[in-house]
Amino acid sequence: MDLYFVKRPLVKRYGDELAGSTAVALLDRQVIPDGTPIVLGADMRPVEPMSSWFRHLAYLGRVPETMRSYAYVVLRLAEYLASRQTDLLAAGEVDLLAYRRQRLDAQAMPIDPVTWDREASTVNGLFAWLTEAGHRPSGPLRMPKAYGSGMSHGMQVRHLALDQYLFFRDVGLGGQGPDGEVDVVFRGGFPHRNRAGAELALMTGMRKREWSTVLEPELVRRPEGPGEFGLQACAKGGRRRKVYVPAAPLDLVDTYRLLERAEIVERAAARLARRHRELFVVDDIDGLGRLSGVLEGRRRTFAMARMPAELRRITVSECAGGLEAMAVFLGQGGLMLGPSSWDRIRRLAWERMSAFAERGPAPVLPRRPWRFHDLRHTFALRLLKHLTQMLIEAELRRADPRPLVTLAEHISMNPLLVVQRALGHASPRTTYEYLAYLEDPMTYVDQAFRAWSDSDGASYSDIAVWLLEGERNAQEG
């Protein structure tokens, strides 16, 4: 079995004109969006019922990145079941429990329970659909929830201190040495772009899918300095929100535009012009945030906030030498840098930071590489702490002893709800988990037991710190 993904531009580019047009027309008739996974067998025909499930997911509006991750989970399961001489339609409870043991314990590099629970959720969703669609008389598990790891875990929050962030941004991504000087042996590409991306992630709290797909018309300054734009299609769950962009990331983006982006655009303009039939060529931007242009031979108009990442990736405009991508962050080919490219940049940055940490002074590095999503956690914690402090100070300055009791006051002044809206969380319950990370518990332990000591001079503070460190190591392990 081989896994493929629907992509109309490739069908048009590599198929002859008649066959390509026919295939695209069939995809349009079946309303199958680009990015939909398709599993093909040795006869190059779709393998069922997997391919039908992926089409079902596409009809539900799942984004391509989500469907891609689901596809690899299901393909891996199908291959394992084949090794046991069974398949998705005949697999029983023992087969799935054996697969769980394989992933968590038996394979060369077992996965952690958090990763497994995400896979188990996908598998449960698949078998629920197989049963509902009539492909199976019943599910293979008597208790679907038991298919998970059985462990209770909240959101994994990892955040960076200031020195850690600057080390990540400037040394790992930006090619500097720990002393701030330019490292002459640095061979990474486009350090100004990478630093600007990290700064935008940190100062806005956007997810990688959100900040990496920003378009040039969205990331502009208002007269007073900062920027602001609406987010929807690229947000998780399509939830609408406003994003505030401070001046600091805009300054780094301006530097990147001047020193790197202009060169990328110039080199790629003629190449993109030859591909104009595959691209959304914009020729008008109105004052309401809408782009108008030609896509697949038709005149189209889209509101920027409602443009999905796949459309943003092929959105271009006319420039002096040909075409220019409208995305802010570009790759060498002249179009928007994709998620896998950002992941590669992050891994190389981690290798570089780890090498420096072995040779000399460096901030404390965690055992696992930092992710761009850790910058979102850092934003949430810093903002929540700052808003809480502001609220306390405002209460102390108020002459009116009346407490804040109205609903409007509660919503507008509650730090938790403010941060929830800024992050685009569907529920304050998710944001609530950040509260556990607002303060360092070691500080309170030391203050509480500083004056206490036993006969041999060991303080309760030392004991408490040791116990807490053991608890923390157990959780991380």
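Please work out the FRET efficiency for the pair residue 3 and residue 31, using the Cβ-Cβ distance as r and a Förster radius of 22 Å; give the result to the nearest 0.05. Could you put the intermediate results ahead of the total?
Numbers: r = 21 Å, r/R0 = 0.96.
It comes to 0.55.
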Say each of residue 284 and residue 270 gets a label point 7 Å from the Cα, pointing the same way as Cα to Cβ; how far apart are those two points in nm? 3.2 nm
Rounded to whole angstrom, the alpha-carbon centroid of the stretch 218-272 lies from that of the stretch 34-106 at a distance of 37 Å
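Once the piece of chain linking residue 179 and residue 85 is laid out straight, how much longer is it, given 0.36 nm per residue of separation minus the C-alpha distance between them?
On the way: separation 94, 0.36 × 94 = 33.84 nm, distance 5.94 nm.
Roughly 27.9 nm would be gained on extension.
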Spin-label model distance (nm) - residue 263 vs residue 109, 7 Å beyond Cα toward Cβ: 3.4 nm
Quick one: which residues, 5 or more positions from residue 136 or on another chain, have an amide H under 5 Å from its amide H? H modelled 1.01 Å from N in the peptide plane, none for Pro or chain starts. 131
Residues listed by number, the stretch 207-238, amide nitrogen under 12 Å from residue 429 label point at 7 Å toward C-beta: none
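As an exercise, use a Förster radius of 56 Å and the Cβ-Cβ distance of residue 98 and residue 255 to find the FRET efficiency, rounded to the nearest 0.05. Mind showing how you got there, number by number?
On the way: r = 55 Å, r/R0 = 0.97.
In this case the efficiency is close to 0.55.
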Given H placed 1.01 Å from N in the peptide plane, which residues other than close sequence neighbours of residue 315 have an amide H under 5 Å from its amide H? 280, 326
Could you compute Rg(Cα) / (2.2 N^0.38 Å) for the stretch 305-396, with N its residue count? 1.62
Sorted by chain and then number, the residues having a modelled amide H within less than 5 Å of the amide H of residue 6, at least 5 places away or on another chain, are 35, 36, 38
Computed on Cα atoms, Rg of the stretch 162-342 relative to 2.2 N^0.38 Å comes out at 1.05
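Can you check what the net charge comes to around residue 41, using other residues whose Cβ is under 14 Å from the Cβ of residue 41 (Lys, Arg +1; Asp, Glu -1)?
Once all neighbours under 14 Å are counted, the net charge is -4.
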If I take R0 = 45 Å and measure r between the Cβ atoms of residue 294 and residue 367 in this structure, what FRET efficiency does the formula 1/(1 + (r/R0)^6) give, to the nearest 0.05? 0.35
Spin-label point model (7 Å from Cα, Cβ direction): what's the residue 351 to residue 24 distance in nm? 3.9 nm
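Residues with beta-carbon under 12 Å from that of residue 76, excluding residue 76: net charge, scoring Lys, Arg +1 and Asp, Glu -1?
Values: positive: 103; negative: 79, 119.
For residues surrounding residue 76, the net value is -1.
Given the Cα atoms of the stretch 10-145, and with Rh set as the inverse mean 1/r over their pairs in the Kirkwood sense, what is Rg to Rh to two decimals? Don't skip to the end; give the middle numbers.
Details: Rg = 16.7 Å, Rh = 16.4 Å.
With Rh from the inverse mean 1/r over Cα pairs, Rg/Rh is 1.02.
Coordinate-derived values only; no laboratory data. Fair warning: this is a prediction, and the values are worked out from it, not measured in the lab. When we count neighbours, we look across all protein chains shown, and the Cβ atoms used for this are built from the backbone with ideal geometry, even at glycine.
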